[in-house]
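Below you'll find the structure, written out as structure tokens, and then a few comments.
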Amino acid sequence: MDDEPIQTGRQLGLYSCHTCGRVSERQGHAAPDAPLACPRCGTHLHHRNPRSLERAWAYTWAAIVLYLPANLLPVMTTISLQGAVDHTILGGIHELWMNRDWGLAVIVFVASVAVPIVKIASLVLLLLSAGRNSTWCSRERTALWRGIEAVGHWSMLDVFVVVLLVGMIHFGPLAGVEPEPGLVAFGAVVVLTILGVSSFDPRLLWPDPADNPPQPNASPPPHE
């Protein structure tokens, strides 16, 4: 029983709505090429979302390009009687560690550095394997996609902290916190990775022979 091939939704005539998740079945009297709509939300149904890989790659590459300035540029400037001091994400983690706030430093490192790197690396892995119609570890890759989709918004920790500080600490020339361009770049990286994950169609991780029909030979075999 374990050696039996897994049947895909296309082979069973099933369509999963990418908007609401309802699974629909093509009726026997419907033409094979007739467009279908989800009976619940009206979304046009596809076995594979059109241009899913292209959109996901575009968001992923944009996130990769912005990741470097997000970590090198300051995310905020603190103003005090001693003057103005710029803070980057890595610099803030270093300051927390040196001040013995080890738990907070680890939390910020995981949420602001490790999670974005893991998300981008996982997206690249999923996109490369899906682009090659790989059947390698389809279940595990699907679980990976679900995992990075679930943790996406937790990378906004730095953005939330700076926004709270800007709103709470504002005492004219004596003390204050100002957002800097690095915060915009970091927020863009988080949003772009979320868009990349949501644009990727996980059904591409379960390739179907119908997705890649055999190509005819360029020249007919010679006659004997």
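Taking residue 73 as the residue in question, decide whether it is modelled with pLDDT of 85 or more and more than 19 Å from the chain's Cα centre (by Cα). Break it down stepwise before answering.
Values: modelled with pLDDT of 85 or more: yes; more than 19 Å from the chain's Cα centre (by Cα): yes.
Taking the combined requirement at face value, the residue satisfies it.
Residue check, residue 11 against (1) at pLDDT below 75; (2) surrounded by 14 or more Cβ atoms within 10 Å (Cβ to Cβ); (3) not in a loop (DSSP other than H, G, I, E, B), all met but one. Which one?
If we test residue 11 against (1) at pLDDT below 75; (2) surrounded by 14 or more Cβ atoms within 10 Å (Cβ to Cβ); (3) not in a loop (DSSP other than H, G, I, E, B), just (2) comes out false.
Check 24, 112, 129 and return the single one that is modelled with pLDDT under 85, in the same structural domain as residue 181 (by TED's automatic domain parsing) and not acidic (Asp, Glu).
Details: 24 fails: in the same structural domain as residue 181 (by TED's automatic domain parsing); 129 fails: modelled with pLDDT under 85.
Answer to the selection: 112.
Does the stretch 165-182 include one or more residues that are in contact with a Leu (Cβ under 9 Å, 6 or more places away or on another chain), in a helix (DSSP H, G or I), at negative phi and at pLDDT 65 or above?
Within the stretch 165-182, one or more residues are in contact with a Leu (Cβ under 9 Å, 6 or more places away or on another chain), in a helix (DSSP H, G or I), at negative phi and at pLDDT 65 or above.
Taking the stretch 85-114, which residues are in a strand (DSSP E or B) and either of a type outside the set (A, V, I, L, M) or touching a residue at least 12 places away in the same chain (Cβ under 8 Å) (or both)? First the steps, then the outcome.
Applying the first criterion (in a strand (DSSP E or B)) to the stretch 85-114 yields 85-87.
Of everything in the stretch 85-114, those that are in a strand (DSSP E or B) and either of a type outside the set (A, V, I, L, M) or touching a residue at least 12 places away in the same chain (Cβ under 8 Å) (or both) turn out to be 86, 87.
The values are calculated or read from the model by the stated rules, or taken from the named source; none is laboratory data. Everything numeric in this text was worked out from a predicted model, so none of it was measured. Neighbour counts are summed over all protein chains in view; Cβ atoms, including those assigned to glycine, are modelled from backbone coordinates with ideal geometry.
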